[in-house]
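To keep things clear, I will list the structure first and then write my remarks on it.
The values are calculated or read from the model by the stated rules, or taken from the named source; none is laboratory data. Because the structure is a prediction, the values reported are computed rather than measured. Neighbour counts are summed over all protein chains in view; Cβ atoms, including those assigned to glycine, are modelled from backbone coordinates with ideal geometry.
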Amino acid sequence: MKKKALKTLILGVCLSFSATALAASLQPLQGRPETNHKAMLPKAEYKLNASHQVEGRQGVASEGDYFWVSGSKTLAKYDKNWNLITINKTPFDGYEIPSNHIGDIDVYNNEIYVGAENFMDGVGKDIQIAIHDGDTLKIKRTFKFEPSSGQEECSGLAVNPDTQTVWMCSWVGEESGRYLYEYDLKTGAYLRKVHLQCPPQWIQGMAYYKGSFYLTADDGTADEKEPDHIYRVDIQPGVSNVPVILERTLDDVTFQGEIEGITFDKANKQMLVHYNRGSRIVLGMVKGFYPGYDKEISEVFVYDIK
């Protein structure tokens, strides 16, 4: 073989090896999700069972025989038949950092986990995780927020009891709304953020159920009677990004308005979705009402999981 031909062969082998090595190093940890068709489908089917009007326009949580509902400035507790037990209309009493807004909530071991902040016209600041007593609804302790995470608002949070972590989501778009943010459940230490691909628009709440996180997104234009949606993400250990799967279209609610929080009644195998109707929302604030309404109505829709 001539020297020139040999050099060409060696160069080709080296380039091929380099390209293969580079391709291998670029592979995401979870592979190519679009080739796993089953993983990209909804986990279950959801049939509407009932709806309940509630005090509070933000979030919902469930544990045992009780439900909790958050308003922007309230926390309420209900029994298993949705009878109001108690309501705290001054939930920020005792906060070291003043707040004026509560998003979606979660409950774990009879403690209410609250994403609190100062919110006005689409802008959030002074974010914190506040833990309230499940019976008195009063503050017990808080976790410090990590500004370096890049999170600019907190629309909701969810406890993952399997990994003893709590995760936060952001309603604000751009970089802040493209991630989920993880904190240690016991120490409150910030752990990491996970990139959503492709991120839903206007994330409102989140919940953890059987290994998956479920996100609500106010991505339907109410003026056009477009439904909002629920999405699912299955976050694996060690990954920095996760594909987003459409889990359910909310086309069976009373009136297309604003989706908010989400939770799961594990004992009864039901998904609970919080929804507001009647009010026009601009930059996260109520600005008037739709024809036929003179007030906003908040409801929790109960879906049987099949």
Pairs under 6 Å by beta carbon, first residue within 17 Å of PHE67 (Cα to Cα) in the stretch 91-115, partner of a type in the set (Asp, Glu) and in a strand (DSSP E or B), six or more apart or different chains? VAL107/GLU63; TYR113/ASP106
Which one is surrounded by the fewest Cβ atoms within 10 Å (Cβ to Cβ), of the residues in the stretch 170-199 that are more than 12 Å from SER149 (Cα to Cα) and in contact with an Asp or Glu (Cβ under 6 Å, 6 or more places away or on another chain)? VAL172
Just to be sure before I move on: is PHE92 closer than 19 Å to GLY156 by Cα, modelled with pLDDT of 95 or more and more than 21 Å from the chain's Cα centre (by Cα) in the structure I sent? yes
Against the definition (under 20 Å from GLY71 (Cβ atoms) and part of a loop (DSSP other than H, G, I, E, B)), how does ASP135 come out, yes or no? yes
Subset of the stretch 216-236 that is small (Gly, Ala, Ser) and within 17 Å of the chain's Cα centre (by Cα) - its residue that is surrounded by the most Cβ atoms within 10 Å (Cβ to Cβ): ALA217
Has the stretch 45-54 got at least one residue that is without any contact (Cβ under 8 Å) to a residue 40 or more places away in the chain, in a loop (DSSP other than H, G, I, E, B) and surrounded by fewer than 20 Cβ atoms within 10 Å (Cβ to Cβ)? no
Taking the residues in the stretch 121-169 that are within 17 Å of LYS73 (Cβ to Cβ) and touching a residue at least 60 places away in the same chain (Cβ under 8 Å) as candidates, determine which candidate is surrounded by the fewest Cβ atoms within 10 Å (Cβ to Cβ). ASP121
Scan the stretch 251-289 for residues that are touching a Gly at 6+ places or on another chain (Cβ under 8 Å), surrounded by 15 or more Cβ atoms within 10 Å (Cβ to Cβ) and outside any strand (DSSP E or B) and jot them down. PHE255, GLN256, GLY257, GLY278, GLY284
Identify, please: which residue in the stretch 162-208 is of a type in the set (Phe, Trp, Tyr) and in contact with a Lys or Arg (Cβ under 7 Å, 6 or more places away or on another chain) and is, among those, farthest from ASP265 (Cα to Cα)? TYR179
May I ask you to list the residues in the stretch 236-278 that are farther than 16 Å from LYS43 by Cβ, of a type outside the set (Lys, Arg) and in contact with a helix residue (DSSP H, G or I) (Cβ under 9 Å, 6 or more places away or on another chain)? PHE255, GLN256, GLY257, GLU258
